[in-house]
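Trainee: First the structure, then my questions, so here it is.
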Amino acid sequence: MTPDARELHRVITASVRELLETARLEAQAGMMDDAQLERVIFRAAAPIVHSLTPLTEAQPGDLLPNIVRVMLAAFLEEQAR
């Protein structure tokens, strides 16, 4: 795995963990409405999107299956804790 790939993996994993932790904290205050949920997702997605900005126009689309795979793996790992 290249250093860039490792960094992207780290960013994705950290973003998913932050998303889940923030959602847990928000849910303690009561049900989250759609706007709150959208803000939490947007905030967690921002570092991932930002890390893709140096890539060429075609590369993010090529990486999308791997990005989704890493996100799902991070989600399942965090849920298993």
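The values are calculated or read from the model by the stated rules, or taken from the named source; none is laboratory data. Please read all numbers here as calculations on a predicted model, not as lab measurements. Backbone-built Cβ (ideal geometry, glycine too); neighbour counts: all protein chains shown.
Table: residues versus (1) farther than 18 Å from residue 9 by Cβ; (2) not charged (D, E, K, R).
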residue	(1), (2)
20	no, yes
27	yes, yes
30	yes, yes
38	yes, no
43	yes, no
47	no, yes
55	no, yes
58	yes, yes
68	no, yes
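Trainee: Can you find a residue in the range 6-18 that is assigned to a helix (DSSP H, G or I) and in contact with a Ser or Thr (Cβ under 6 Å, 6 or more places away or on another chain)? Give the derivation first.
Mentor: Taking the range 6-18 first, the residues assigned to a helix (DSSP H, G or I) are 6-18.
From the residues that got through so far, the ones that are in contact with a Ser or Thr (Cβ under 6 Å, 6 or more places away or on another chain) too are 8, 11.
Yes, some residue in the range 6-18 is assigned to a helix (DSSP H, G or I) and in contact with a Ser or Thr (Cβ under 6 Å, 6 or more places away or on another chain).
Trainee: Restricting the first residue to the range 44-59 and requiring it to be under 14 Å from residue 4 (Cα atoms), which pairs with a second residue that is modelled with pLDDT under 90 and hydrophobic (A, V, I, L, M, F, W, C) meet a Cβ separation below 9 Å and a spacing of at least six or different chains?
Mentor: As it stands, the answer is none, since no pair meets every condition given.
Trainee: Which of the residues spanning the range 31-77 are in a helix (DSSP H, G or I) and β-branched (Val, Ile, Thr)?
Mentor: The answer is 40, 41, 48, 49, 67, 68, 70.
Trainee: If we keep just the residues of the range 1-22 that are at pLDDT 90 or above and of a type in the set (A, V, I, L, M), which is nearest to residue 75 (Cα to Cα)?
Mentor: Only one residue tops the list, namely 16.
Trainee: Looking only at the range 7-59, count how many residues are closer than 22 Å to residue 80 by Cα and of a type in the set (Lys, Arg).
Mentor: The qualifying residues number 3.
Trainee: On to the next question. Within the bounds of the range 23-31, is there any residue that is more than 16 Å from residue 79 (Cβ to Cβ), touching a residue at least 24 places away in the same chain (Cβ under 8 Å) and either loosely packed, with under 14 Cβ neighbours inside 10 Å or not polar (S, T, N, Q) (or both)?
Mentor: Within the range 23-31 (the criterion being more than 16 Å from residue 79 (Cβ to Cβ), touching a residue at least 24 places away in the same chain (Cβ under 8 Å) and either loosely packed, with under 14 Cβ neighbours inside 10 Å or not polar (S, T, N, Q) (or both)), the answer is no, since none of the residues qualifies.
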